[in-house]
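Engineer: This is the structure I have questions about; it appears just below.
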């Protein structure tokens with residue numbers, strides 16, 4: 001018998017087995033059990049240096065060390081993160097393309113953009129909310145208002161004369177202030193900026209009257225601005241003497257941004273379990289939590305179900321605001 005034919009006869013069943021449904025399932029199970037076995041790409045929906053980027057790099061450093069594989073950060077901020085989300089939505093569901101997202105990409109963009117290339121509830125696997133960030137309502141140092149009640153009274157006395165800064169149309173800092181205006185029946189003019197530092201500089205220079213910003217930004221400049229209120233339902237340990245907006249004659253007001261980890265739809269459960277286990281391990285470490293606490297964030301690890309519930313409730317909230325103000329971006 002020809003030796004070459006003998007070799008073929010020996011290997012034929014193995015090749016057949018690997019090509020069979022059983023073989024493919026075994027290969028898939030092996031790949032999932034060995035996850036991760038190569039570089040993971042973590043797409044970030046904001047530019048480098050922002051809060052979402054900070055969360056992504058903090059988590060990437062921790063998971064890379066604990067899982068033994070490099071995690072490469074890819075910042076893609078175009079379209080408030082919509083471009084990146086569209087790409088991740090169509091990536092292979094193998095755990096090697098993940099996305100760190102600020103909540104607005106999931107809860108504001110679908111209501112804001114006329115054309116969007118992803119479906120929030122169909123195209124992604126929610127893995128976990130990673131951290132939360134309450135914002136604060138700031139005012140220029142010489143504004144004749146020292147709290148929310150006085151700001152509302154001033155805005156009512158000067159309709160259309162006060163202005164507020166945001167980090168761009170459709171961001172949480174924009175739509176959040178519009179929600180404040182609806183709740184307080186005030187007319188304050190929007191002035192969009194490209195970045196938080198630019199807006200803060202103009203606030204400190206007196207060219208801007210008020211704005212929303214993260215706690216970390218406020219603490220860095222609190223000698224040059226006024227902190228009127230915090231937008232979360234409860235006061236912050238970092239600012240225990242600053243009241244919430246809700247306790248300042250705007251009942252029910254809640255603006256808390258969150259940052260979350262997602263993958264493409266149908267991410268296999270073993271991969272989900274590994275990522276969730278590593279995130280829970282990190283969240284239980286006081287040193288890991290302190291990294292977030294120093295910038296006013298809170299490290300959290302949610303279940304998939306809790307994250308989806310947050311997506312649904314916030315999507316409705318922001319959808320109602322956007323509908324009320326009639327905001328649309330045609331792209």
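Engineer: Normalising by the residue count of the chain, find the relative contact order in percent from Cα pairs under 8 Å and 6+ residues apart.
Structural biologist: On the way: 586 pairs, mean separation 80.8, N = 331.
Relative contact order of the chain: 24 percent.
Engineer: So what is the 222 nm mean residue ellipticity for the chain from helices alone, if each DSSP H run of at least 4 adds -39500 (n - 2.57) and you divide by all residues, rounding to the nearest 500 deg cm²/dmol? Walk me through the numbers on the way to the answer.
Structural biologist: Details: 13 runs with 147 residues, N = 331.
The helix-only estimate for the chain comes to -13500 deg cm²/dmol at 222 nm.
Engineer: List the extent of the Cα atoms of segment 142-191 along each of their three principal axes, largest first, rounded to whole Å.
Structural biologist: 27, 23, 18
Engineer: Now a separate question. Taking every pair of distinct Cα atoms and averaging 1/r, then inverting, what Kirkwood hydrodynamic radius in Å comes out for segment 81-149?
Structural biologist: Working: mean 1/r = 0.0673 Å⁻¹.
About 14.9 Å, per the Kirkwood formula over Cα pairs.
Engineer: In nanometres, what is the gap between the two model label sites at residue 72 and residue 236, each 7 Å from Cα along Cα-to-Cβ?
Structural biologist: 3.5 nm
Engineer: Residue 247 to residue 219: extension gain in nm, 0.36 nm per residue of separation minus the Cα-Cα distance?
Structural biologist: Numbers: separation 28, 0.36 × 28 = 10.08 nm, distance 2.13 nm.
Residue separation times 0.36 nm, minus the Cα-Cα distance, leaves 8.0 nm.
Engineer: For the chain, place one equal point scatterer on every Cα, skip the solvent, and apply the Debye formula. What is log10 of I(q)/I(0) at q = 0.12 Å⁻¹?
Structural biologist: Each listed q corresponds, in turn, to -0.84.
Engineer: A follow-up question, please. Could you give the radius of gyration (one decimal) and Dmax (whole number) of the Cα atoms in segment 134-230, in Å?
Structural biologist: Both quantities, over Cα of segment 134-230: 11.8, 31 Å.
Engineer: Continuing with this model, one more query. Take residue 280 and residue 146, extend 7 Å from each Cα along the Cα→Cβ direction, and tell me the distance between the two endpoints in nm.
Structural biologist: 4.9 nm
Engineer: Also: May I ask you to derive the FRET efficiency for residue 122 and residue 48 from their Cβ-Cβ distance with R0 = 22 Å, giving the value to the nearest 0.05? Display every interim value, and only then the final one.
Structural biologist: Values: r = 30 Å, r/R0 = 1.34.
For R0 = 22 Å, the calculated efficiency reads 0.15.
Engineer: Cα-based Rg (one decimal) and Dmax (whole number) for segment 201-331, in Å?
Structural biologist: So, for segment 201-331, Rg and Dmax equal 18.2, 54 Å respectively.
Engineer: Over the chain, what is the percentage of antiparallel beta bridges among all DSSP beta bridges, to the nearest 5?
Structural biologist: 60 percent
Engineer: Can you give the FRET efficiency for residue 156 and residue 34, using 1/(1 + (r/R0)^6), R0 = 56 Å, r = Cβ-Cβ distance, to the nearest 0.05?
Structural biologist: Values: r = 63 Å, r/R0 = 1.13.
Calculated value: 0.35.
Engineer: Please give the FRET efficiency for residue 114 paired with residue 182, using the beta carbon to beta carbon distance and R0 = 25 Å, rounded to the nearest 0.05. List each step's numbers first, then the result.
Structural biologist: Values: r = 22 Å, r/R0 = 0.90.
The computed FRET efficiency comes out at 0.65.
No value in this document is a laboratory result; all are computed from the given coordinates. Computed from a prediction, not measured in an experiment: that's the story for all the values here. Cβ sites come from the backbone with ideal geometry, for glycine too, and all protein chains shown count toward neighbours.
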